[in-house]
Amino acid sequence: MPVYKNEKTGKWYCIYRIKDASGNSKQVKKSGFTLKREAEAYEHDQLANASYQPDMLFSDFVELYKNTVDKRLREHTIQTRNYRIKNRIMPYFADMRLRDIDAKAIATWHNELISKGLSAGYIRNLHRNLSAIFNHATRFYGLRDNPCHKAGLPSVANEQKKEMRFWSLEEYQTAIECVTDLKAKAAIALLYWSGMRKGELLALTWGKLNTKDGTIKIDRSFQRLKGRDVITPTKTGNIRTIIIPKQALDLLAEYKSHCFDTGPADVIFPWEKCFIEHGIAEACQASGVKRIHVHGLRHSHASLLIQQGVNIVLISKRLGHAKVSMTLDTYSHFFPTEENDVVAKLSMLG
């Protein structure tokens, strides 16, 4: 279709017709373009998108969805999501038309996943991935509603929440003395005393460490994807500078003294497969302290801060959470005596 120029304003505009979600034809006008080619490109994109009606196959729409949103996602996020879509979502919905997938179909899918013995948490993550696809369809392609909203988040009857494994201060002090590899020892200490994520630790360079102020700037994350080193922003995109206690700084200084020719741009802990995991395994075997995962060091730090009465807002900022509510949701069970304290105080008022 042709585009037009407003002789009074000098701006270009386009007029075109599309069908809405009900199949009714409607005329659309868009003005304000400085150049003719801008108006033509806009009209072309709108008509191309309008041709993808909600009755297209789910598998076809997923490709359209990926092409749009992948530019805004981290590579690791895309890799995880694509695996879930391919192995857990496509087998059920690939050949269904988008508009035919309703809440009942979603609930049936939930039950199939539960029958395979998948955890409630994993199924809820799959549900969120599917819901994001339908959100895109409702927002941009005329689908009336998101069937995932009607189906609701799934739950697994009688499933017990996995225990969060972490070290107390005493356990950490016992374990760290049994780590013989200095690189692993310094990494474990920094994770315990900072609460940073493993990827954030592996992205650190010596230039981010300010020994005078005792601070570290955390602004990137490291990921190992298909044999490649990939550096991205942090998980939430936040940049934070946190203070590191002397215990960790001393170990870092000792470790640095054994490193050859380090510069500000050099990473503090060059990637080696599972070197932190091996350090933890060695510590647990030698000390008898319970085994935890690397992420358990982050939980250990949060537990330590809560026990010390640190404000939850400060804890959230230190951990790099996007919202304080995320910190509360994750670590609310670390406040076992709070309600008893409240009741005791209320009793005194009587």
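The values are calculated or read from the model by the stated rules, or taken from the named source; none is laboratory data. All values derive from a computational prediction rather than experimental measurement. When we count neighbours, we look across all protein chains shown, and the Cβ atoms used for this are built from the backbone with ideal geometry, even at glycine. We work out accessible area using only protein heavy atoms, side chains counted, and drop any ligands, DNA or RNA first. Shrake-Rupley method; radii C 1.70, N 1.55, O 1.52, S 1.80 Å.
On the given criteria, is T211 more than 25 Å from the chain's Cα centre (by Cα), over 30 Å from S119 (Cβ atoms) and modelled with pLDDT under 95? Outline the logic, then answer.
Numbers: more than 25 Å from the chain's Cα centre (by Cα): yes; over 30 Å from S119 (Cβ atoms): yes; modelled with pLDDT under 95: yes.
Criteria met by T211.
Can you tell me which residues in segment 240-274 are surrounded by fewer than 13 Cβ atoms within 10 Å (Cβ to Cβ) and in contact with a Lys or Arg (Cβ under 7 Å, 6 or more places away or on another chain)?
Within segment 240-274, T241, W271 meet the criteria.
Of the residues that sit in segment 325-350 and are open to solvent by less than 50 Å² (accessible area, probe 1.4 Å) and among the β-branched types (V, I, T), which one is modelled with the highest pLDDT?
Looking at residues that are open to solvent by less than 50 Å² (accessible area, probe 1.4 Å) and among the β-branched types (V, I, T), I get T327.
Could you give every pair whose Cβ atoms fall below 6 Å, whose first residue belongs to segment 321-334 and is under 16 Å from S300 (Cα atoms), and whose second residue is outside any helix (DSSP H, G or I) and open to solvent by 80 Å² or more (accessible area, probe 1.4 Å), counting only separations of at least 6 or pairs across chains?
Short answer, once both residue conditions are applied: none.
Quick check: anything in segment 275-296 β-branched (V, I, T), open to solvent by less than 50 Å² (accessible area, probe 1.4 Å) and at pLDDT below 95?
Kept after step one, since they are β-branched (V, I, T), are these residues of segment 275-296: 276, 280, 289, 292, 294.
Adding the requirement that they be open to solvent by less than 50 Å² (accessible area, probe 1.4 Å) leaves 276, 280, 289, 292, 294.
Those left that are additionally at pLDDT below 95: none.
Scanning segment 275-296, I find no residue that is β-branched (V, I, T), open to solvent by less than 50 Å² (accessible area, probe 1.4 Å) and at pLDDT below 95, so the answer is no.
With respect to L304, is the statement that it is of a type in the set (A, V, I, L, M), in contact with a Gly (Cβ under 7 Å, 6 or more places away or on another chain) and modelled with pLDDT of 90 or more true?
Numbers: of a type in the set (A, V, I, L, M): yes; in contact with a Gly (Cβ under 7 Å, 6 or more places away or on another chain): no; modelled with pLDDT of 90 or more: yes.
Answer is no for this residue.
Which helices (runs of 4 or more DSSP H) does segment 225-339 wholly contain that include 1 or more residues that are in contact with a strand residue (DSSP E or B) (Cβ under 9 Å, 6 or more places away or on another chain)?
On the way: elements: 246-257, 275-287, 295-307, 312-319, 324-331.
Output list reads 246-257, 312-319.
Assess whether I106 counts as being closer than 30 Å to H299 by Cβ, touching a residue at least 40 places away in the same chain (Cβ under 8 Å) and either of a type in the set (F, W, Y) or part of a helix (DSSP H, G or I) (or both). Break it down stepwise before answering.
Working: closer than 30 Å to H299 by Cβ: no; touching a residue at least 40 places away in the same chain (Cβ under 8 Å): yes; either of a type in the set (F, W, Y) or part of a helix (DSSP H, G or I) (or both): yes.
Criteria not met by I106.
Just checking: which of the helices (runs of 4 or more DSSP H) contained wholly in segment 115-217 hold 1 or more residues that are open to solvent by less than 30 Å² (accessible area, probe 1.4 Å) and more than 27 Å from T232 (Cα to Cα)?
Where helices (runs of 4 or more DSSP H) fall fully within segment 115-217 and carry at least 1 residues being open to solvent by less than 30 Å² (accessible area, probe 1.4 Å) and more than 27 Å from T232 (Cα to Cα), they are 120-140, 147-151, 169-176.
Hey, can you tell me all the residues within segment 297-324 that are basic (K, R) and open to solvent by 70 Å² or more (accessible area, probe 1.4 Å)? Give the derivation first.
Quick first cut of segment 297-324, residues basic (K, R) only: 298, 317-318, 323.
Of everything in segment 297-324, those that are basic (K, R) and open to solvent by 70 Å² or more (accessible area, probe 1.4 Å) turn out to be K317, K323.
Please verify whether segment 72-82 includes one or more residues that are open to solvent by less than 70 Å² (accessible area, probe 1.4 Å), more than 27 Å from I231 (Cα to Cα) and assigned to a helix (DSSP H, G or I).
There is no residue in segment 72-82 that is open to solvent by less than 70 Å² (accessible area, probe 1.4 Å), more than 27 Å from I231 (Cα to Cα) and assigned to a helix (DSSP H, G or I).
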